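Trainee: Questions regarding the structure given below will be posed in turn.
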């Protein structure tokens, strides 16, 4: 940013020329969101104070809200959070013009597609009970350590924790695979995200044709009902294609 600059433009994403800016006009960080067009492509932007640091929760929410709302009305290529240019000429000359063909190709590729994200978490008490029932060594160690002081069973408790963790990991791999197998017929592509925490089962990003969106939602509802009491599923979307196009 040039010293002395008094205004700048926050860039949310790239869209096709003619995209309906009115649907996101009031969804930004405080100023009106607008479209700056060059030929067949355009940038979703908002006037911002170049001296105000970005990163407030409100900024993050605005970034995703603008992109996800626009994704309901046509293809959008998300920009990396925090992308700012100093003025309109810079936006056009250094972003839109040099990458025009690249943006056109990507926008054509993602036309009619949206992203959904599925998060699954175990009902931990239920899964741990399954593990104890299915694993005799775990059941025996649990019985032996249940009524004894921790100091007297220190190493047995370490061993018990290791066995339980491995058993849950095995179930997590199998259960996550089954979830993917059930939902994969409704999607074009998927990304498996890394999860952490004993109760985390899976986090999957799906690339979905808008014509298959309802089928995916229905199948996810059926699956959630089948897993009720053992795992909780949450399907979020439609949203912009964060996991399926490179950040611009």
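Trainee: How high is the FRET efficiency between residue 126 and residue 173 when r is their beta carbon distance and R₀ equals 25 Å, given to the nearest 0.05?
Mentor: Numbers: r = 18 Å, r/R0 = 0.71.
That pair, residue 126 with residue 173, gives E of 0.90.
Trainee: Relative to the present Cα-Cα distance, how much length would full extension add between residue 157 and residue 217 at 0.36 nm per residue of separation?
Mentor: 17.4 nm is the gain from fully extending residue 157 to residue 217.
Trainee: Here's a follow-up. Go ahead and run the numbers for FRET between residue 228 and residue 188, Cβ-Cβ distance against an R0 of 30 Å, rounding to 0.05.
Mentor: 0.60
Trainee: Using a 10 Å cut-off on Cβ atoms, rank the peptides 217-225, 22-30 from the highest mean neighbour count down.
Mentor: Per-residue Cβ counts within 10 Å, averaged per peptide and sorted highest first, yield 22-30, 217-225.
Trainee: Another question, if that's okay. Would you please classify the overall shape of the range 8-110 from the alpha carbon gyration tensor, given that a ≥ b ≥ c denote the square roots of the eigenvalues, rounded means a/c under 1.5, and beyond that prolate means a/b larger than b/c while oblate covers the rest?
Mentor: Note, shape of the range 8-110 comes out oblate.
Trainee: Using only alpha-carbon positions, what ratio does the radius of gyration of the chain give when scaled by 2.2 N^0.38 Å?
Mentor: 1.35
Trainee: What order do you get for 49-62, 195-208 when each peptide is scored by the mean count of other beta carbon atoms within 10 Å, highest first?
Mentor: Most protected by this proxy first, the peptides run 195-208, 49-62.
Trainee: Continuing with the same structure: Provide Rg over Rh for the range 2-51; use the alpha carbon set for both Rg and the Kirkwood Rh (inverse mean inverse pair distance).
Mentor: That ratio is 1.02, to two decimals.
Trainee: Another question, then. Give me the mean projected area, in nm² to one decimal, of the convex hull enclosing the Cα positions of the range 114-239.
Mentor: Convex hull of Cα atoms, orientation-averaged projection: 8.2 nm².
Trainee: Is it possible to state the helix-based mean residue ellipticity at 222 nm for the chain, with each DSSP H run of 4+ residues giving -39500 (n - 2.57), the sum divided by total residues, to the nearest 500 deg cm²/dmol? What is it? Walk me through the numbers on the way to the answer.
Mentor: Working: 6 runs with 92 residues, N = 248.
So the helix-based figure for the chain works out to -12000 deg cm²/dmol.
Computed from the coordinates by the stated procedures, all read-outs in this text should not be read as laboratory data. What you are looking at is a predicted structure, and each value in this text was computed from that prediction instead of being measured. Cβ: placed from backbone, ideal geometry, glycine included. Neighbour counts: every protein chain shown.
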